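> Below you'll find the structure I mean.
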């Protein structure tokens, strides 16, 4: 069902999305305003979702958007709202983010990237182009990986309890027993 | 719809770039909120690498690991953000360099 | 009655425990009754045992001390004639001295402590002589050493007394170490330390003269030499006079210092197997008796004179043991215990009545002021000088004649002993003449009461007639035949002490000879100083051992070995600080460190194909 030029177009889309993901990430990490950074991060995640889709993993792409960009980022938004940092937070961030604070992390990151690139280029390969359907993922997930599902559920339960515990005391103190 | 065939190393390089960007952010930022975001970026980069590897073989395993990473990220963020609130309450700042009572 | 045997050492020990635990809160009268009474009861028990004794050794094993492999020393008592003699001396003389102490020490603030130590001493000494194995004996041996230390330093507020106590303890410790080594050697060789089994096994194992047995007996001799203040470990005894006078009488004259003699007599069958050690015992005894006698000639302190004479008399005992006259050695031990205790107690009475005056040249003319003390001292000195028909005469005469019979060295030993006897007569009567005759120098301010007089009287009787007691130990020890020597030798032996007394009279009372001129001449002065210092043995030891030791410790004052370990500590502390610096609690720093670590790991993985 391919029309001519489709492959060309998809490839362009792929590299474009990759570039957007990288750029949005870099912008997100250098912002001083947390809300702005969060928007960039969501853009980055959406771009990655596009990559997933193009690589033949539509289920992963959907989860990336629904859970990552949706649920998790919304959590961030809530916390930013509760902290209510405002302009003072921006100013302080600008003080902290002098260019020289980036020197050592930048050097380390660049060296690491160079190493990884070196390692990657030694074993060239290509993606298969096959699509893995949600049905297949579901069969595998509840087949051989059922133990991992259980462990993940335990992890989520632990996260739930932890978050409730930490957050409850915050609420108790600040809102004086409203609950 | 058939997937796209691209060199695996390109995807992996992108994942590596995202990962080191997150790492650099983690090392450079002092605000715990941004550090958590950097962690999200790094986790997402790892997830990208897994999905790409799954696509390399046309197998579902990569996506399953992606889902596990997703649960880890969700749990980590819920606990991490709870901690952010506590840090703000106790230290009246989000500066992690101030919250260094664990020093030896 | 023999089943009450265990009570004999237990009574004084129980009393000591009671007095120590009560911390001096008991009334003084009760303390005195308790202290003297327990020893008195022991003495009665010993008397009863002796009267019922049928000549056979009594063996009572109370319980097994410990069990290590084949080694199972018992807490056991062994009583034969030798033990009985020792027990009688310890409890009998000991009781008299305790009785005397109740008056002598009645104004002392730590009366309770005094009697506790004294009772502990009597208990330990009884354990020493009644033990049925040498390990148990060693327990008593160390016990009496501790009591000696405690009692010499009894008036511990004066640092000099503390120093004397330490000296007594440390010097005897050298001998005790040798003795412990000797015990180890005997045990590895024989597998037992039981006093009955040992001689049998030793006789079966050795012909006589082997190096091992000579070494073992020499080590035992080392212990005996230390305890009995013989050359070369005699220097502690004169200083030990720092203790109360009854202590000197009991411990440093009558009993403890003779423990060495007892040890050799107890193990005499081992010594018989080692002729070389026997000869060493005889020669040590001879040299000691001469050295001590010369030194005693020149002292001013009444107690020191008696201390040197004790060393000298123990030298006679060693001489007797060395020539194999075991019985006579023990006989002399007993008579010496009587007359030396008498002398010390009489000296104590003099000191007591003269405001703690020790210098004999500040005394004088006490003959009429303290007649009982004078007669006691006279009788004691006569016995010490071995004038005929006193107890000392019987024992010392037998020793000299036995020495004469000793092959090869015999006449020399006899001559040396005779010279010593002459010197003994001179120094003892010098003491009598200076202290009790002549002008009154210091007026006594009190008279001894009955508790001091009664022991003096009883000991006078014993010193006079103690030589007639027939001893039960003849069956245990050999060498008790009366020696057969030419009549001339016997007559000379009898005459020499009398000549000594006459000489003393001429020198110190009659002033017929210009003694002063002799003393003022250059050699006279030098010799006086030399003898007064005890032949400078103390100075020699100081030069040979004490000073090099101090110098050595001075070199080591910075503790070079410790410096090394200090360095290790510093290294660890430095490492700790470096590690603690890493642990700075900053999350970003941790993240950076992890990134760097990751980089290093990746370099290794990527670099290695």
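Computed from the coordinates by the stated procedures, all read-outs in this text should not be read as laboratory data. Here the structure is a predicted model, which means the values were calculated and not measured. Cβ: placed from backbone, ideal geometry, glycine included. Neighbour counts: every protein chain shown.
> Could you give the angle, 0 to 90 degrees to the nearest 10, between helix B:8-28's Cα long axis and the longest principal axis of the Cα atoms of chain B?
Once rounded, one gets 0 degrees.
> Which of rounded, prolate or oblate describes the stretch C:45-121 when judged by the alpha-carbon gyration tensor and an a/c cut-off of 1.5?
Working: a/c = 4.25, a/b = 1.56, b/c = 2.73.
Oblate.
> Is the stretch C:1-86 best put as rounded, prolate or oblate by its Cα gyration tensor, with a ≥ b ≥ c the root eigenvalues, rounded for a/c under 1.5, and otherwise prolate when a/b is larger than b/c, oblate when not?
oblate
> What is the log10 of I(q)/I(0) for chain C, computed with the Debye formula using one identical point scatterer on each Cα and no solvent, at q = 0.06 Å⁻¹?
Each listed q corresponds, in turn, to -0.36.
> Can I ask one more? Using R₀ = 41 Å, calculate the FRET efficiency as 1/(1 + (r/R₀)^6) where r is the Cβ-Cβ separation of residue C:44 and residue C:155; round to 0.05. List each step's numbers first, then the result.
On the way: r = 32 Å, r/R0 = 0.78.
Efficiency, rounded to the nearest 0.05: 0.80.
> Please list, short to long, the whole-number percent of alpha-carbon pairs of the protein assembly as shown in consecutive 10 angstrom bins beginning at zero.
It works out to 2, 10, 16, 14, 8, 3, 2, 4, 8, 10, 10, 7, 3, 1, 0, 0, in whole percents.
> Still on this structure, I have one more. Need one value for A:139-145: mean number of C-beta atoms belonging to other chains within 10 Å of its residues' C-beta atoms.
Partner Cβ neighbours, averaged per residue: 3.
> Averaged over A:47-53, how many beta carbons belonging to a partner chain fall within 10 Å of each residue's beta carbon?
4
> What is the Cα convex hull volume of the stretch A:1-102 when expressed per residue in Å³?
Each residue corresponds to 104 Å³ of Cα convex hull volume.
> Is the shape of the stretch C:334-456 best called rounded, prolate or oblate, per the rule: a/c under 1.5 gives rounded, else a/b larger than b/c gives prolate, else oblate, with a ≥ b ≥ c the square roots of the Cα gyration tensor eigenvalues?
prolate
> Which length gain, in nm to one decimal place, applies between residue C:550 and residue C:3 when the Cα-Cα distance is subtracted from 0.36 nm times their residue separation?
191.6 nm
> Let me ask you something else. Run the helix sum for the protein assembly as shown: -39,500 (n - 2.57) per DSSP H stretch of 4+ residues, divided by residue count, reported at 222 nm to the nearest 500 deg cm²/dmol.
-23500 deg cm²/dmol
> If neighbour count is taken as other Cβ atoms inside 10 Å, put C:332, B:10, C:268 in order from fewest to most.
Final ranking by Cβ density, sparse to dense: B:10, C:268, C:332.
> What distance in nm lies between label points placed 7 Å from Cα along the C-beta direction at residue A:130 and residue A:118?
Output for this residue pair reads 3.5 nm.
> Could I ask something else about it? Using a 10 Å cut-off around each Cβ of peptide C:573-580, what is the average number of partner chain Cβ atoms that fall inside?
That works out to 1 on average.
> Find how much the distance from residue C:23 to residue C:375 grows on full extension, using 0.36 nm per residue of separation minus their present alpha carbon separation; answer in nm with one decimal.
Stretched fully, the residue C:23-residue C:375 segment lengthens by 122.8 nm.
> What per residue convex hull volume, in Å³, comes out for the stretch A:93-140 when only alpha-carbon positions are used?
So the per-residue Cα hull volume is 184 Å³.
> While we're on this one: Can you sort A:102, C:414 by how many other beta carbons sit within 10 Å, fewest first?
So the ranking, lowest neighbour count to highest, is A:102, C:414.
> If I fit a long axis through the Cα atoms of helix A:6-30 and take the longest principal axis of the Cα atoms of chain A, what angle between them do I get, 0 to 90°, rounded to 10?
20 degrees
> What number, in percent, do you get for the relative contact order of chain C if the mean sequence gap of Cα pairs under 8 Å and at least 6 apart is divided by its residue count?
Rounded, it is 12 percent for chain C.
> How large are Rg and Dmax for chain A when calculated on the C-alpha trace, in angstrom?
That works out to 21.2, 66 Å for Rg and Dmax.
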